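Undergrad: One structure, as structure tokens, below. Some questions next.
The numbers here are math on the coordinates, done by the rules we state, and not lab data. All values derive from a computational prediction rather than experimental measurement. Quick reminder, even Gly has a Cβ in these numbers, built from the backbone with ideal geometry, and neighbours come from all protein chains shown.
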Amino acid sequence: MRKYLSIDLSRENFWFEELQKRNDVQSARIKRLLQLPDLTKKENSPVKILVDQILNLPRFTDFDLIEFPRIVSVEENFDLLNTPADHPSRRQTDTYYVAENYVLRTHTTTMWSFYLRNADILKTLKEEGHIQTLSRGIVFRKDEIDKNHFPAFHQIDGLYICERSRRLITQKDLEEVERDIAKSIFGEDVKYRFLVDSFPFTDPSVQMEVEFNGSWLEVVGSGLVHPQVLKNFGLDPAVYNGWAFGFGLDRLAMIKMGIPDIRILWSEDPRITSQFKDINSRYKEVSKYPPISRDISFVIDKDISLNNYYEIVRDLAKNLVEEVKLIDSYEDEKKFGKGKKSYTFRIVYRSPEKTLTNEEVNEIQEKIRYHTEKDLGAILR
């Protein structure tokens with residue numbers, strides 16, 4: 001029988017209260033992200049429809065379901081999961097740091113840090129010889145701006161651990177799980193394949209791809225639980241073994257339901273939300289509102305991550321930007337100075353719900369120009 005575990009949120013509440021005392025740009029971004037709804041729990045959301053399809057699979061009937069905080073420690077999000085100290089995901093240009101040692105969770109795999117340190121769960125493992133859980137929810141990561149990326153997105157993870165004397169877990173066991181997931185989403189006749197991959201917390205690791213509309217699509221990342229990760233949680237890899245999987249839900253929902261722009265997933269427009277009833281729903285365009293493009297060129301220190309610029313655009317344009325496209329970049333020490341680099345971006349404005357005016361766009365663009373200069377020390381061209 002499925003157990004529902006909800007981790008105490010008092011620590012998250014503490015950090016949320018601390019954020020309210022701050023008025024810097026970074027805290028404003030984090031507060032805005034924390035106000036977003038978790039679409040894995042929102043009715044008529046393509047993301048929730050996908051989650052329900054997976055949760056209702058017969059093989060997952062007895063899997064626990066764990067909820068854990070959105071604000072987690074660096075140890076919980078990275079260290080315990082064997083993430084190398086120099087891994088790019090740890091950088092402030094990739095992850096939202098609430099404080100020096102606390103971040104917005106970057107993946108639902110972080111649930112291991114709560115599930116595998118829960119006293120009741122460890123008791124069950126000792127008494128019954130196995131434990132199993134799923135976790136779904138919203139996660140956060142800094143990224144580029146286009147139709148497929150948004151700083152908040154959704155994932156689902158699965159974890160199974162048992163005594164080796166009970167069962168020796170193999171890659172074949174994991175492939176059977178992934179096959180069931182793929183068939184539940186894409187149908188019994190779906191074609192699939194497995195490719196070698198690499199993740200810090202599994203070894204060996206594999207990636208599952210499915211063929212859909214003539215293309216091979218990455219669906220699930222997975223592997224056998226890494227022995228070092230078991231040790232990190234106080235479990236002897238000579239005694240225990242297991243498998244794990246995890247994957248993004250937003251892109252999968254977009255592919256399955258024919259959604260062309262990730263912002264549509266967040267829409268409250270009833271003309272859009274009413275279209276999604278079940279796993280076979282297909283999106284029909286409400287109206288193709290015209291785009292408005294504006295170019296911006298500037299020179300900044302070449303060591304500055306472009307994610308810093310994308311964050312400025314998100315701050316000011318919200319969901320009115322469809323894409324920020326880099327159309328030119330070059331260095332010229334004589335012209336710009338040592339360590340400087342010139343960039344030209346094309347910002348494409350388009351709302352999925354209304355027609356934008358030139359006046360609206362010009363106002364936003366001027367704010368972006370101002371903050372690019374002020375926040376990045378840029379020289380506008």
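Undergrad: Loop only by DSSP, 12 or fewer other Cβ within 10 Å of the Cβ. Give me the chymotrypsin sites (Phe, Trp or Tyr not before Pro) in the stretch 126-217 that pass, ordered by residue number.
TA: none
Undergrad: Just give me a number: lysine pairs in the stretch 4-257, eight or more positions apart or cross-chain, with C-alpha atoms less than 19 Å apart.
TA: The number of close lysine pairs in the stretch 4-257 is 14.
Undergrad: Taking Cα atoms, how many degrees apart are the long axis of helix 25-34 and the longest axis of the chain, rounded to 10 and kept between 0 and 90?
TA: The helix 25-34 is inclined about 50 degrees to the chain.
Undergrad: At 222 nm, what helix-only mean residue ellipticity would the chain give, in deg cm²/dmol to the nearest 500, using -39500 (n - 2.57) for each DSSP H run of four or more?
TA: Only helices count here, giving -9000 deg cm²/dmol.
Undergrad: Efficiency by 1/(1 + (r/R0)^6): what FRET value for Thr273 and Ser165, r their Cβ-Cβ distance, R0 = 56 Å, to the nearest 0.05?
TA: 0.65
Undergrad: If you add up the charges near Leu5, with Lys and Arg at +1 and Asp and Glu at -1, over every other residue whose beta carbon is less than 9 angstrom from its beta carbon, what do you get?
TA: Spelling it out: positives minus negatives among the neighbours equals -2.
Undergrad: Oh, and also: Could you size up the charge dipole of the stretch 126-210 around its Cα centre, putting +1 on the beta carbon of Lys and Arg and -1 on that of Asp and Glu, and report it in debye to the nearest 20?
TA: Roughly 100 debye, rounded to the nearest 20.
Undergrad: Between the stretch 317-353 and the stretch 279-311, what's the alpha-carbon centroid distance in Å?
TA: Using only Cα atoms to place each centre, the spacing works out to 10 Å.
Undergrad: Let me ask you something else. For every other residue with a beta carbon closer than 10 angstrom to the beta carbon of Met254, add +1 if it is Lys or Arg and -1 if Asp or Glu, then tell me the sum.
TA: Here the charged neighbours net out to +1.
Undergrad: While we're on this one: On a straight-distance basis, which aspartates and glutamates could pair with Lys302 in a cross-link, Cα separation under 13 angstrom, same-chain partners fewer than 8 positions away excluded?
TA: List returned: Glu331, Asp332, Glu333.
Undergrad: Also: Helix 358-376 sits at what angle to the longest principal axis of the chain, using alpha carbons and giving 0 to 90 degrees rounded to 10?
TA: 80 degrees
Undergrad: Compute the Cα gyration tensor for the stretch 175-249, then decide on rounded, prolate or oblate, letting a ≥ b ≥ c be the square roots of its eigenvalues: rounded whenever a/c is under 1.5, prolate when a/b is larger than b/c in the other cases, and oblate in all that remain.
TA: Prolate shape, in that a/c is at least 1.5 and a/b is the bigger ratio.
Undergrad: Something else about it: What's the magnitude of the charge dipole for the chain around its Cα centre, counting Lys and Arg as +1 and Asp and Glu as -1 at the beta-carbon? Answer in Debye, nearest 20.
TA: I would put it at about 480 debye.
Undergrad: Using DSSP to define loop residues, name the trypsin sites (Lys or Arg not before Pro) in the stretch 217-296 whose beta-carbon has at most 10 other beta-carbon atoms within 10 Å.
TA: The qualifying sites are Lys277, Arg282, Lys284, Lys288.
Undergrad: Label the stretch 292-380 by shape, choosing from rounded, prolate and oblate, from the square roots a ≥ b ≥ c of the eigenvalues of the Cα gyration tensor; if a/c is under 1.5 it is rounded, and otherwise prolate applies when a/b is larger than b/c, oblate when it is not.
TA: Prolate, since a/c reaches 1.5 and a/b exceeds b/c.
Undergrad: Any chance you could give the angle, 0 to 90 degrees and rounded to 10, that helix 119-128 forms with the longest Cα principal axis of the chain?
TA: Helix 119-128 and the main axis of the chain meet at about 40 degrees.
Undergrad: What is the sum of charges around Ile296, taking Lys and Arg as +1, Asp and Glu as -1, for the other residues whose C-beta is under 9 Å from the C-beta of Ile296?
TA: It works out to a net charge of +3.
Undergrad: Taking square-rooted eigenvalues a ≥ b ≥ c of the alpha carbon gyration tensor, is the stretch 228-381 rounded, prolate or oblate, where a/c under 1.5 means rounded and, failing that, a/b exceeding b/c means prolate?
TA: oblate
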